[in-house]
């Protein structure tokens, strides 16, 4: 997982712009999370479900106001991986995902974490933390 300004997937590869930051704001700005998921040989040929959600420093879901009321900042989807011809048995396959977000209003001077879940499982390595800059007082 990598924080970036924007990302896209083409031909199974990630194309990333403005990557590797861990500080944003304090004003809302577009951002993206680029993901490279390694799928084991035994996990190929079956559907997988992923969820990426944003939590605050206390581990609580971050909610934003929407026309339908407050909603958590989360993205989810599904992927399926085949076994490419000619790849040695037991070899993992890669899945590239690019999650682009519009400006998300976050509290200044705060800490947040993107957490990834695949098929209901999580791992400490599937977390990506970042901070928002403190507000600058207006003269």
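Read-outs throughout are calculated quantities, based only on the coordinates presented, and are distinct from any laboratory measurement. Every value quoted in this text rests on a predicted model; they were computed, and no experiment measured them. Note that each Cβ is placed from the backbone with ideal geometry, even for glycine, and that neighbours are counted across all protein chains shown.
Which one is surrounded by the fewest Cβ atoms within 10 Å (Cβ to Cβ), of the residues in region 51-64 that are over 15 Å from residue 103 (Cα atoms) and over 14 Å from the mean Cα position of the chain (by Cα)?
58
Pairs under 7 Å by beta carbon, first residue farther than 27 Å from residue 95 by Cβ in region 61-82, partner in a loop (DSSP other than H, G, I, E, B), six or more apart or different chains?
Taking only residues 6 or more apart or on different chains, the pairs are 64/73; 64/104; 64/105.
Consider region 112-139. How many of its residues are part of a strand (DSSP E or B) and exposed (fewer than 15 other Cβ atoms within 10 Å of the Cβ)?
Adding up the residues that qualify gives 3.
Show the residue pairs that are 6+ apart or on different chains and have beta-carbon atoms under 6 Å apart, the first residue being within region 96-116 and more than 17 Å from residue 75 (Cβ to Cβ), the second being part of a strand (DSSP E or B).
What qualifies is 108/132; 110/132; 111/131.
Would region 92-112 turn up any residue that is touching a helix residue (DSSP H, G or I) at 6+ places or on another chain (Cβ under 7 Å) and more than 19 Å from residue 31 (Cβ to Cβ)? Show your work before the answer.
Quick first cut of region 92-112, residues touching a helix residue (DSSP H, G or I) at 6+ places or on another chain (Cβ under 7 Å) only: 92.
Now narrow it down to the ones that are more than 19 Å from residue 31 (Cβ to Cβ): 92.
Taking every residue of region 92-112 in turn, at least one turns out to be touching a helix residue (DSSP H, G or I) at 6+ places or on another chain (Cβ under 7 Å) and more than 19 Å from residue 31 (Cβ to Cβ).
Please count how many residues of region 30-48 are within 18 Å of residue 12 (Cα to Cα) and either part of a strand (DSSP E or B) or free of Cβ contacts under 8 Å to residues at least 12 places away in the same chain (or both).
10
Suppose we filter region 65-110 for residues that are surrounded by fewer than 14 Cβ atoms within 10 Å (Cβ to Cβ) and in a strand (DSSP E or B); how many remain?
Going through region 65-110 one residue at a time, the tally reaches 11.
Mind listing whichever residues of region 1-25 are outside any strand (DSSP E or B) and surrounded by 16 or more Cβ atoms within 10 Å (Cβ to Cβ)?
Matches in region 1-25: 1, 25.
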